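Everything below concerns the one structure shown next.
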């Protein structure tokens, strides 16, 4: 056997050893969630791993196997839930209960889907399961079913949902709930409200959401039912879509890794029509997109008209992502398309401003490409992101209910003409880029680390094994208080005894 052939066999053997079979479960029917999952799947596949990704969208990829669970979005829509226009006006309790309903439908539909059942009944073996964590903790039982470590993937920064399963501290005093729009430096009243909102979320999670998920596990995985809590609190790692250049700095335990910005791709050449449009824009270009979850055609005629009139007053050209082929009152400087290659548009040197809904992915992309932003937040964490952007000085935000032609136009003009916003976003961009390892490479490294170290149990903190009263030292406080009280009681009775003795002695002497 020749030396070259032996070397080839050795290289192939190394390849086989390093190639792991990974199951990724991302069932949320939201394009942004799916895009993050797909980006991670491609990154892991490019690193030589065999990826099977369960998701809600059609995907034809040569780099990984995709299993589409069609119909999830329809099942959720048929539940007669509040629309995104109604949600902001409802209290946190009502929102949490609606999220619980969505989570129940999402997990139940996933577990009963014929394609998912086929996967479960197969003899397929995996080295790791990566599950998106979004209202779906019941799916963590897949670690038990496939007898493999499980990594949780959060589409946002660390939240109550992710912190609780790995024992990460989450002080309400300086970590704002994402629904409040507060900064990490809150006033007394803001801390009071933040505490009430956060406690409500905790209580609903403990007494409603997690029991709901546990019942689904009992229904679909009875053989693993007794191990539900063990699986939930033995997650090997949490991958966070966050970074301090965009998110507030917060504590993280060793089992949490920030990979925010990992989805940002190398710049590609724009289609010829778009390239010419941007190249020939002497005053620059404004890009307008409300993301994939907002149906732009459903915006009220009043708001739609105000947006169009304000855009028409700009000197700049405008590229507008809209789900209609034509819009009444469209100005001549506006190009409307149902799709733009957003990352490549943001990377063009003539792009001057990004008008966005404030989704976290768009936020990362704008910071990476040093583009100031005007946020029109709609629901979820968007108001929180918008407030953070304004607080960091590289953008402004206007609530939809407050939007008028004049304040929309004035905000755009301010962002286009005041250089401090571009300077501030360049600073943020430098922070995002100044990392020792690229976010995607970091994600791949930690996924392989968990596989290599058989779930990496050494990263798990002891706080997860404490009861709530032990964690908050209530037993210690009770013991110290009890001892202190007993000492005081002893001193009291001792003094009382001595006083009685003294009184008796005085009476004896007097007699």
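Worth pointing out:
- Count - residues of segment 42-58 that are in contact with a strand residue (DSSP E or B) (Cβ under 9 Å, 6 or more places away or on another chain) and free of Cβ contacts under 8 Å to residues at least 24 places away in the same chain: 3
- Here the helices (runs of 4 or more DSSP H) wholly within segment 412-511 that include at least 3 residues being within 30 Å of residue 287 (Cβ to Cβ) are 419-433, 439-452.
- Of the candidates 379, 384, the single residue that is touching a residue at least 12 places away in the same chain (Cβ under 8 Å), crowded, with 21+ Cβ neighbours inside 10 Å and either out of contact with any helix residue (DSSP H, G or I) (no Cβ under 6 Å at 6 or more places or on another chain) or outside any helix (DSSP H, G or I) (or both) is 384.
- Failed item, numbered, when residue 409 is tested on (1) outside any strand (DSSP E or B); (2) touching a strand residue (DSSP E or B) at 6+ places or on another chain (Cβ under 9 Å); (3) surrounded by fewer than 24 Cβ atoms within 10 Å (Cβ to Cβ): (2)
- The sole residue among 185, 193, 205 that is outside any helix (DSSP H, G or I) and within 30 Å of residue 378 (Cβ to Cβ) is 185.
- In segment 179-204, the qualifying residues are those that are buried (at least 20 other Cβ atoms within 10 Å of the Cβ) and either outside the structural domain of residue 103 (by TED's automatic domain parsing) or touching a helix residue (DSSP H, G or I) at 6+ places or on another chain (Cβ under 8 Å) (or both), and the one that is nearest to residue 98 (Cα to Cα) is 201.
- Being surrounded by 23 or more Cβ atoms within 10 Å (Cβ to Cβ) and either assigned to a helix (DSSP H, G or I) or free of Cβ contacts under 8 Å to residues at least 12 places away in the same chain (or both) is a property that residue 130 lacks.
- Any hit, segment 76-85, residues being buried (at least 20 other Cβ atoms within 10 Å of the Cβ), touching a residue at least 24 places away in the same chain (Cβ under 8 Å) and either touching a strand residue (DSSP E or B) at 6+ places or on another chain (Cβ under 8 Å) or within 18 Å of residue 34 (Cα to Cα) (or both): no
- Restricting attention to segment 34-61 and to residues that are over 19 Å from residue 440 (Cα atoms) and surrounded by fewer than 18 Cβ atoms within 10 Å (Cβ to Cβ), the residue that is farthest from the chain's Cα centre (by Cα) turns out to be 60.
- Sole exception among (1) modelled with pLDDT of 95 or more; (2) surrounded by fewer than 22 Cβ atoms within 10 Å (Cβ to Cβ); (3) over 30 Å from residue 237 (Cβ atoms) for residue 453, by number: (3)
- Scanning segment 149-166 for residues that are touching a residue at least 60 places away in the same chain (Cβ under 8 Å), more than 15 Å from residue 248 (Cα to Cα) and touching a helix residue (DSSP H, G or I) at 6+ places or on another chain (Cβ under 9 Å) turns up 149, 150, 151, 152, 153, 154, 155, 165, 166.
The values are calculated or read from the model by the stated rules, or taken from the named source; none is laboratory data. What you are looking at is a predicted structure, and each value in this text was computed from that prediction instead of being measured. So basically every Cβ, Gly included, is an ideal-geometry build from the backbone, and we count neighbours across all protein chains shown.
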